[in-house]
1. If you line up the long axis of helix 203-216 against the longest principal axis of the chain, both from Cα atoms, how many degrees apart are they, to the nearest 10?
2. Enumerate cysteines in the chain without a disulfide-compatible partner, where compatibility requires another Cys Cβ under 4.7 angstrom.
3. Which of the peptides 289-298, 232-241 is most tightly packed, and how do the rest follow, going by the mean number of other Cβ atoms within 10 Å of each residue?
4. Using the count of nearby Cβ atoms within 10 Å as a rough guide to exposure, how do MET373, MET107, MET94 rank from fewest to most?
5. Within a 10 angstrom radius of the beta carbon, how do TYR36, TYR15 rank from fewest other beta carbons to most?
6. How many percent of DSSP beta bridges within the stretch 30-312 run antiparallel, rounded to 5?
7. Taking the Cα-to-Cβ direction at ARG21 and at ARG135 and moving 7 Å from each Cα, how far apart do the two end points lie in nm?
8. GNM on the chain, C-alpha springs below 10 Å: top fluctuator among LEU62, LEU328, LEU12?
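Quick note: the coordinates plus some simple rules give every number you see, no bench work behind them. This structure is a prediction, so every number in the text was calculated from the model and none was measured. Note that each Cβ is placed from the backbone with ideal geometry, even for glycine, and that neighbours are counted across all protein chains shown.
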Amino acid sequence: MEILLPQPDRTLVRYRPGPPRTFPRPTQPIRRRVAYAAAHVVADPWLEPSDGTCHLDWEATLAYRRYLWSWGLGVAEAMDTAQRGMGLDPGTAMELCRRTAEIAKAMNAPVVCGVNTDDLSPGQASLQDVEASYRRQLEWVERGGAQAVVMSSRALCAVARGPADYRRVYRALLRSATRPVLVHWLGEPFDPALRGYWGYEDPRQALDVFVDLVAEHADRVEGVKVSLLDPEVEIQLRRRLPPSVRVYTGDDFHFVELIRGDGERVSHALLGIFDAIAPAASAALQLLDRGDVAGYEEILAPCVPLSRHIFCAPTYRYKVGLVFLAYLNGHQDHFRMVGGMESARSVLHLVEVFVLADRAGLLQDPERAVHRMRAFLRLAGVDA
């Protein structure tokens, strides 16, 4: 079973994928770390967007959440992985939260849902508008029974004139929450529109604002998710936050060592890459539960090159690689994305995703993956 794969020099090279790796499903909850996979959505390829509303294949989208839960992972719903701000409209996002939370409740499965201000136009909203938008989504998510993740707001970043404006909006929102929330700090690599969040372009200066805000509301903040791709800032944050507040890493480059910990504090996980590597992530965390750090690192080591490639600059296009792998592994019948975003990565980029996933043992059915890879390449004019 071979396939011809295109190379940067425009030659074709024969490639034979190896066998998939067998990963055990957990027989009990993962205990030493809390781990969420930020889940992607499956577009309905038959329908055009209408009035700013996208169309999802609800059956395939929700089936993928069940798949993630089957590996003992929690689901982080309607986050940037689900194309928040990149095609997923706020109404569909809230409906996605409602449907996922309903299933999670029936399954007694862990779920958190993103709340944002994506119904506002950045640059045209006031601080009062931002606060009201956040409240609407927070109330919706809490009414559905899910825990909220307060996502970074483009509208707030556009209107805020300094740290005091961030404190004002977040204080009001946290005081209105009926249960502890997660606060998400999404860095510029993931969304260039968030440059200067918390009032400073340097994350090390912004760290002071963030720590003070969280410490002031430690009874209302269960944890923080940090997506900066800067492990030193995350380690500083872990040391400075109250012990009661968990740090959830969103660092898809350095997640192995951050989750392992440094002997003082550890990071839990809320990661986009866990959407793609759920079996390996689950198996590694099961070993970490048993104190087998070497086994944990051995499983995840080949996943790191895959993750760094999927999340390479421009980082915000990482969703393409996640959806492509879901397509190769049979979780959806097509490689189409909300807003046509499947075109945001090159053929050569996705060829490398295929190869690195194979090296990590993550092509669950190599024959099917080759068949689908060949069909994809044929559309690009490559006779593989």
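1. 60 degrees
2. When partners are defined as cysteine Cβ atoms under 4.7 Å apart, the chain leaves CYS54, CYS157, CYS303, CYS312 without one.
3. Final packing ranking: 232-241, 289-298.
4. MET107, MET94, MET373
5. If I rank by nearby Cβ atoms, fewest first, I get TYR15, TYR36.
6. Of all bridge pairs located within the stretch 30-312, approximately 5 percent are antiparallel.
7. 4.9 nm
8. Between LEU62, LEU328, LEU12, it is LEU12 that shows the largest mean-square fluctuation.
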